[in-house]
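Data first, discussion second: the structure below is written as structure tokens.
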Amino acid sequence: MEPADPFLQVQADVLTTLQTSRPLFSSYLRIRSLAKSPTNPELQQSRSELETNLTDLSADLDDLIESVRAVEQDPYRYGLELEEVSRRRQLVNDVGAEVENMRLELQRAVSTADHQHNAGLPNPADFADDSEGEEEGLGGGGRGDHYAAMEQQRQVELMHEQDEQLDGVFRTVGNLRDQANDMGRELEEQAVMIGEVDTLAERVGGKLQGGMARLKHIVRKNEDSYSSFCIALLIFVLVLLLILVIAL
């Protein structure tokens, strides 16, 4: 039975929490753009809800990162290919970048009223740029280096395992070659023995044929002698009977 994939156990929770955090984040940005003071009750409530959600999301994201690290150690154990592991790593980077962008926005102070009314809602393109920058920072920074190191370590382990498997194959082939050589020598020896047995069998067969011929000759000779004896005996009996008949 294959072990459960740890990634799938937390992926749904992370995506669900992220879907809940996005509307809260948009609402916070809207309220902040209209608020004139950081102490605005509606702004504080929106900020509190978003912070709570981001805290839960960060905890789930940490579990998701751990699950990715777990499958990276041995992806084939979980029935995963390297492409699937890369896709999951990219998902973790994307979610991490989005969460980091939300936290950065929470750290920004409320601007003056004039600036708020002039600026209006933030430009979505700015958030896209920030998100891309954060994603590059997460993907190319320490986390990216960590994943690259783990990937390189995994490749080294795979190459080492393949080398061990090849060594095992070479040893097996060598053993088979030695066994084949031994079998060849045994077959040659058996062929010589079979030739000697055939020669001996021919000699014995010739002797048996000679013995049978002599035995047949003796039997025929004995049969001729027995027949002559019987004929002589019959003649003697006939002569004796004639004598008796004449005498009477």
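A few remarks follow.
- Pairwise label distance in nanometres, H217 with L187, each label 7 Å out on the Cα-Cβ vector: 4.7 nm
- A crude spin-label estimate for the pair A201 and E84, with each label 7 Å from Cα along the Cβ direction, gives 6.4 nm.
Taken together, the values in this text are just the output of simple stated rules run on the coordinates, not laboratory data. Predicted model, so just to flag it, every value in this text is computed and none were measured. All Cβ positions, even for glycine, are placed from backbone atoms using ideal geometry, and neighbour counts span all protein chains on display.
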